[in-house]
Amino acid sequence: MAKKLMNLGFGNMVVAKRVLAIISPNSSPMKRLREEARSAGLLLDATQGRRTRSLIIMDSGHVVLSAIQVETMALRFEQANYEGQALSLEDNREYEV
């Protein structure tokens, strides 16, 4: 089974199935989370020097910084996870996404 990758922008990608959350970095708890990840060696910066606009929390405990908006990242996450999968509707017919 091929791993679906989610584009973080600027040529950076992560395996979509390992993403737990995509969150805004502006609140104090998220700033603390970022600093804790940095001190633990679990922070990955994929911003290419640009302003951080979203934090991606991975199942491994890593925190990934991205310069792409949270809403855009959420759309990319949905596309990576559901592209090409069949959805089963109430009438038991399958439709390709």
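Here are some notes:
- q = 0.20 Å⁻¹, the range 39-86: log10 I(q)/I(0) [Debye, one scatterer per Cα]: -0.73
- In the calculated pair-distance distribution of the range 1-77, the portion above 14 angstrom amounts to 57 percent of the Cα-Cα pairs.
- A cut-off under 10 angstrom between Cβ atoms defines the neighbours of PRO25, and their net charge, with Lys, Arg +1 and Asp, Glu -1, is +4.
Every read-out reported here was derived from the displayed coordinates using simple, explicitly stated rules and does not represent laboratory data. As the structure is a computational prediction, the values presented were derived from the model and not from experiment. Positions of Cβ are backbone-derived with ideal geometry, glycine not excepted, and every protein chain shown enters the neighbour counts.
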